[in-house]
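Undergrad: Below are the structure tokens for one structure; questions will follow.
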Amino acid sequence: MKLIKNAFYVIAIFLAVASCKENKEESQQEIQQKETKKRPNIVFIISDDHAYQAISAYGGRLAEVAPTPNIDRIADDGMLFNHALVTNSICGPSRATIMTGKYSHENGFVDNTIGSKFDFTQQTFGELLQEAGYKTGVLGKLHLGQTPTKGFDYIDILPGQGSYYNPSFVNKEGQYQLEGYATDIITEKAISWIDSVKSDDQPFMLFLGHKSPHRPWQPGPEELGMYEGVEIPEPETLFDDYSGNRKVASLNYMSIADAMKMGQDIKITDKPQAGFNKTQQKMWDSIYGPINEEFKKANLKGDELTRYKYQRYMRDYLASVAGVDKSVGHVLDYLKEAGLDENTIVIYTSDQGFYLGEHGWFDKRWMYKESLRTPLLVKWPGVIKAGTENNDLVSNLDFAETFLDLAETNIPDDMQGRSLVPVLEGNTPEDWRDAHYYHYYEHPSEHDVRRHYGITTDKYKLIHFYYDMDVWELYDLEKDPGEMNNVYGDSEYAEVQKELHKKLEELRVKYKDNDSLNQNFIEEYKEKVKKNPLIEYWKLSPEERQRLFKEYSKNKK
Ligand SMILES: [Ca+2]
């Protein structure tokens, strides 16, 4: 019996050793696989104020007159997101959310008011990617009130809003100026940086920010005048009367008719363009000179003037977009030529959406469709099935987490979004978000869009406007995709309304947002205005504005 028992132990030990050896061989194989499967490079292209309506991959009224064949290539080879939404539809706050994976009230950058600065001492994806072994770069428009103090090996950004022509840049050594067109310069810089790091052992991540097509929509030398003589289709709601119980929308100062400026925006002016050299101004005048002459003769008024402004706005906006599209083409071509395209994920997005005449507007800010939605197209060869469309509710809150997931590193618990990697792989988790939370803060402001927060699902949108009002809105997105009829309080929607309120409160708890924080941000805003009345610049006379601006610039230095 003892012998049998001993023999059993010998066999058991032999089997254990054999299986251990097998495991060891397997894990070595796994390590080898990991070493050969390189983590992807990431090229994150973020333009400014690029409406999804102005990307032909999304279809719509502009697709035929103003196609974007290069941006469309990303969707042809990858995934087109139909419900990419932002957390706070304005430039700086959107980028702050991307940097942190957190809502504005958590990262502290709630609005673009003069003097707003992003706190770079907080956690951003930049240093987490560096720790995970990535080489990181930030280029072009960043608009966070200052230069990053950590997280990026390469920094070459536009100071503040930046200029289209002959832009200044800030790098680690300081500020300098270049002659040329911002979109073209940024493209060259992007390719040149990628080229300088492509042979390194480390994968890279580039945050490639374009100024274009932000106001004042100055097209580049090669695109200037490209849409002259082209009639741009109008949106159905260019002359929206804000009926349908939409009082708040009527209180805006964002319409093409009233708020769009003839000089700066429409370029009906005798003044030269600021910062242009003689050659650039001459080229500009060759296009806008005759336009100015014709305008003076036409004596347009009322709706005819609005229609004219819409045409001019769109021609300049779409020509600016064409420059960005060309840039995307250059970057994609370069990646292919350099043999990097197979292992580089290319993401194209904007900091938010934009109104191209819908509701009579330009600009953004509102939680309504055109500014809540942002374009998102992602190309990832070998992973994303070419030509895929996605309808999940994804957000700019998810980018930081996605970058970290791609780098196969830990996603910190305090980030509030979710990695898009499973979504890109075509395996959206079953518990993916079914509602998206939004919060906009910048009021009082030039465009008079009230502070508001709310949630949207696929089917409904609930919005609460506060500060100097207490107004709720509810939209049935299936019946009323244009959001023209606020049904809040309608008995037919009583049950839906109740459910949405419940869901909204759940999300506010989940994301740690609340009324007392709202009040804190209002108090902070008032304090800032007390210290610097220039923040409310639209209230000042041109002389007063100039005087305060000089004072502010002096103090800043
Ligand atoms: Ca923007």
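Read the figures in this text as sums done on the coordinates, not as results from a lab. Keep in mind the model is a prediction, meaning the values are calculated, not measured. Cβ sites come from the backbone with ideal geometry, for glycine too, and all protein chains shown count toward neighbours.
Undergrad: Given points 7 Å out from each Cα along the Cα-Cβ axis, report the residue 196 to residue 385 separation in nanometres with one decimal.
TA: Rounded to a tenth, the inter-label distance reads 4.2 nm.
Undergrad: Hey, fewest Cβ within 10 Å first, where do 217, 538 land in order?
TA: Values: 217 24, 538 13.
Starting with the residue having the fewest Cβ neighbours, the order is 538, 217.
Undergrad: Moving on to the next point. At 37 °C and 0.692 mPa s, grab the translational diffusion coefficient of the chain from Stokes-Einstein with a Kirkwood Rh over Cα pairs, rounded to a whole number in µm² per second. Don't skip to the end; give the middle numbers.
TA: Details: Rh = 25.3 Å.
Estimated diffusion coefficient is 130 µm²/s.
Undergrad: To the nearest 0.05, how large is the calculated FRET efficiency for residue 250 and residue 287 if R₀ is 35 Å and r is the Cβ-Cβ distance?
TA: 0.45
Undergrad: Regarding segment 307-377, what is the average projected area of its C-alpha convex hull, in nm²? List each step's numbers first, then the result.
TA: Values: hull surface 22.1 nm².
In nm², the orientation-averaged hull projection of segment 307-377 is 5.5.
Undergrad: Then there is this: What distance in nm separates the two pseudo spin-label positions at residue 556 and residue 467, each 7 Å out from Cα along the beta-carbon direction?
TA: 2.2
Undergrad: Moving on to the next point. May I ask which of 102/512; 141/531; 531/556; 528/556; 369/479; 150/531 have a Cα-Cα span longer than 20 Å here?
TA: Numbers: 102/512 11 Å; 141/531 27 Å; 531/556 13 Å; 528/556 15 Å; 369/479 14 Å; 150/531 29 Å.
Checking Cα-Cα distances, 141/531; 150/531 exceed 20 Å.
Undergrad: Between residue 524 and residue 506, what is 0.36 nm times their sequence separation minus the Cα-Cα distance? Round to one decimal in nm.
TA: Values: separation 18, 0.36 × 18 = 6.48 nm, distance 2.62 nm.
Gain on stretching residue 524 to residue 506: 3.9 nm.
Undergrad: With a ≥ b ≥ c the root eigenvalues of the C-alpha gyration tensor of segment 275-333, is it rounded (a/c under 1.5), prolate (a/b larger than b/c) or oblate?
TA: On the way: a/c = 4.17, a/b = 1.56, b/c = 2.67.
Because a/c hits 1.5 or more and a/b fails to exceed b/c, segment 275-333 counts as oblate.
Undergrad: Roughly how many debye, to the nearest 20, is the charge dipole of segment 334-466 about its Cα centre, given +1 on each Lys and Arg Cβ, -1 on each Asp and Glu Cβ, and no other charges?
TA: Working: 13 positive and 23 negative charges, 108 e Å.
Using only the charged Cβ atoms, the result is roughly 520 debye.
Undergrad: Still on this structure, I have one more. Note the full-extension length gain between residue 540 and residue 425 as 0.36 nm times their separation in residues minus their Cα-Cα distance, in nm to one decimal.
TA: 36.2 nm
Undergrad: Right, another one. So if I restrict to the alpha-carbon atoms in segment 213-263, what is the Rg, and what is Dmax, the biggest pairwise distance, in Å?
TA: For segment 213-263, the Cα radius of gyration and maximum Cα-Cα distance read 15.0, 45 Å.
Undergrad: Would you be so kind as to identify which of 362, 251, 317 lies farthest towards the positive end of the dipole of segment 215-373, taking Lys and Arg as +1 and Asp and Glu as -1 on Cβ and the Cα centre as origin?
TA: Value computed over the given set: 251.
Undergrad: Also, quick follow-up: Using helices alone, I'd like the mean residue ellipticity at 222 nm for the chain: each DSSP H run of four-plus residues gives -39500 (n - 2.57), total over residue count, nearest 500.
TA: Details: 15 runs with 207 residues, N = 557.
After summing the helix terms and dividing by residue count, I get -12000 deg cm²/dmol.
Undergrad: Ok, one more. Put a dot 7 Å past each Cα toward the Cβ at residue 175 and residue 336; how far apart are the dots in nm?
TA: That separation, rounded to one decimal, is 4.0 nm.
Undergrad: Next up: If one takes the longest principal axis of the Cα atoms in the chain, at what angle in degrees, from 0 to 90 and to the nearest 10, does the Cα axis of helix 515-531 lie?
TA: That helix lies at roughly 50 degrees to the long axis.
Undergrad: In debye to the nearest 20, how big a dipole does the chain give about its Cα centre with +1 on each Lys and Arg Cβ and -1 on each Asp and Glu Cβ?
TA: Working: 67 positive and 89 negative charges, 305 e Å.
It comes to approximately 1460 debye.
Undergrad: Among 469, 276, 388, whose Cα projects farthest towards the positive end of the dipole of the chain, with charges put on the beta-carbon of Lys, Arg (+1) and Asp, Glu (-1)?
TA: Highest projection toward the positive end goes to 276.
Undergrad: Could you quote the convex hull projected area for segment 430-557, Cα atoms only and averaged over all directions, in nm²? Before the final figure, lay out each step's value.
TA: Numbers: hull surface 44.7 nm².
Hull-based average projected area comes out at 11.2 nm².
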